[in-house]
Amino acid sequence: MLGPHPHRGFSPVTFVYKGSLRHQDSIGNNEIVEAGGTQWMHSGKGVVHSERPGKELAENGGHNEFIQFWVNTPAKHKMEEPYYLPITDKNTPEVIKDGTKIRVVAGEFENVKGPAKTYSPQTLLRLETKSGADLLLEIPKSYNAVIYLLDGEVESNGQTAREKDMLWFNNDGEKIVIKVTKDSRFILLSGEPIGEPVATYGPFVMNTENEIRQAMADYQEGKMGRLTEAFD
């Protein structure tokens, strides 16, 4: 887990599966996301935050399982005000399709909209399914997509994916067909390519090297705020 550190220009997104994740930031948020929830933070023009286990988990021990990925923001929105959105298990809309539990975090799936605000067209799903399921997931043809397996085994497009494997789908149709050969938990991340240059350095995702240098200077000068953590 990480103490105070900065971000600018993208959204770090965390799906929590076991345990808990405590978020504190320089814009005043102090929240704990439990299992089944999602931590969504748009870093915008800059924010400092920390990510640690919830108090109960830190004091008593236990299992913590989560996966984090970064969602890029189009250039015109990179310098907007940052915001933080904790999404609970209860507040994550769900679709049951062919016996599969599909949680819609962002975008739209089967006419169900996820609660997260996005700055480019995308659909982000959490799925839990049983062996023998045959899934047909419809996404726009303009989207690229990736499936990442936490555990289990699935087959799609003549490929087999097992625990910690990825399957890529690049603008190659409006349907993804998946055969589940073992009980599985996986995520589907899909979206329309932004089509802009990307410059990155550590916790910053911008469009040019000059913007990266400016981000580093702004952080060092305290322009992304400062965070003094509370440990109550």
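Numbers for the structure displayed
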{"quantity": "Matching entry among His23, His49, His63 (being in contact with a strand residue (DSSP E or B) (Cβ under 6 Å, 6 or more places away or on another chain), assigned to a loop (DSSP other than H, G, I, E, B) and not assigned by TED's automatic domain parsing to the domain that holds Ala116)", "calculated": "His63"}
{"quantity": "Complete set of residues in the stretch 98-140 that are of a type in the set (S, T, N, Q) and within 16 Å of Ile176 (Cα to Cα)", "calculated": "Thr100, Gln122, Thr123, Thr129"}
{"quantity": "Residue in the stretch 40-54 that is over 30 Å from Pro193 (Cα atoms) and touching a Ser or Thr at 6+ places or on another chain (Cβ under 9 Å) present", "calculated": "yes"}
{"quantity": "All positions within the stretch 82-99 that are touching a Lys or Arg at 6+ places or on another chain (Cβ under 9 Å) and in contact (Cβ under 8 Å) with a residue 40 or more places away in the chain", "calculated": "Pro82, Tyr83, Leu85, Asp89, Thr92"}
{"quantity": "Test: residue in the stretch 122-129 that is polar (S, T, N, Q), farther than 17 Å from Gly191 by Cβ, touching a residue at least 40 places away in the same chain (Cβ under 8 Å) and in contact with a Pro (Cβ under 9 Å, 6 or more places away or on another chain)", "calculated": "no"}
{"quantity": "Val104 within 11 Å of Thr38 (Cβ to Cβ), without any contact (Cβ under 8 Å) to a residue 24 or more places away in the chain and assigned to a strand (DSSP E or B)", "calculated": "yes"}
{"quantity": "Those residues of the stretch 31-57 which are closer than 24 Å to Gly114 by Cβ and either aromatic (Phe, Trp, Tyr) or surrounded by fewer than 18 Cβ atoms within 10 Å (Cβ to Cβ) (or both), in sequence order", "calculated": "Glu31, Glu34, Ala35, Gly36, Trp40"}
{"quantity": "Subset tally (residues that are buried (at least 16 other Cβ atoms within 10 Å of the Cβ) and in contact with a helix residue (DSSP H, G or I) (Cβ under 7 Å, 6 or more places away or on another chain)) for the stretch 174-209", "calculated": "4"}
{"quantity": "Residue match in the stretch 66-76 (condition: touching a residue at least 40 places away in the same chain (Cβ under 8 Å), more than 18 Å from the chain's Cα centre (by Cα) and under 24 Å from Pro140 (Cβ atoms))", "calculated": "yes"}
{"quantity": "Residue ID - modelled with the lowest pLDDT, chosen from residues in the stretch 130-141 that are exposed (fewer than 15 other Cβ atoms within 10 Å of the Cβ) and part of a loop (DSSP other than H, G, I, E, B)", "calculated": "Lys141"}
{"quantity": "Candidates Pro6, Pro12, filtered to the one that is more than 15 Å from the chain's Cα centre (by Cα), assigned by TED's automatic domain parsing to the domain that holds Val205 and assigned to a strand (DSSP E or B)", "calculated": "Pro6"}
{"quantity": "Unique residue being loosely packed, with under 14 Cβ neighbours inside 10 Å and either modelled with pLDDT of 95 or more or outside the structural domain of Arg8 (by TED's automatic domain parsing) (or both) when the list is Asn144, Asn171", "calculated": "Asn171"}
{"quantity": "Tally of residues being assigned to a loop (DSSP other than H, G, I, E, B) and either closer than 22 Å to Val16 by Cβ or modelled with pLDDT under 95 (or both) across the stretch 112-129", "calculated": "4"}
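Yes or no, residue by residue, for (1) touching a Leu at 6+ places or on another chain (Cβ under 9 Å); (2) at pLDDT below 95:
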{"position": "Phe10", "(1), (2)": "no, no"}
{"position": "Val13", "(1), (2)": "yes, no"}
{"position": "Gly46", "(1), (2)": "no, no"}
{"position": "Ala58", "(1), (2)": "no, yes"}
{"position": "Gly62", "(1), (2)": "no, yes"}
{"position": "Leu85", "(1), (2)": "no, no"}
{"position": "Asn91", "(1), (2)": "no, no"}
{"position": "Asp98", "(1), (2)": "yes, yes"}
{"position": "Val105", "(1), (2)": "yes, no"}
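The values are calculated or read from the model by the stated rules, or taken from the named source; none is laboratory data. Since the structure is predicted, the reported quantities are computational estimates derived from the model, not experimental observations. Please note: Cβ atoms are built from the backbone with ideal geometry, for glycine as well, and neighbour counts cover all protein chains shown.
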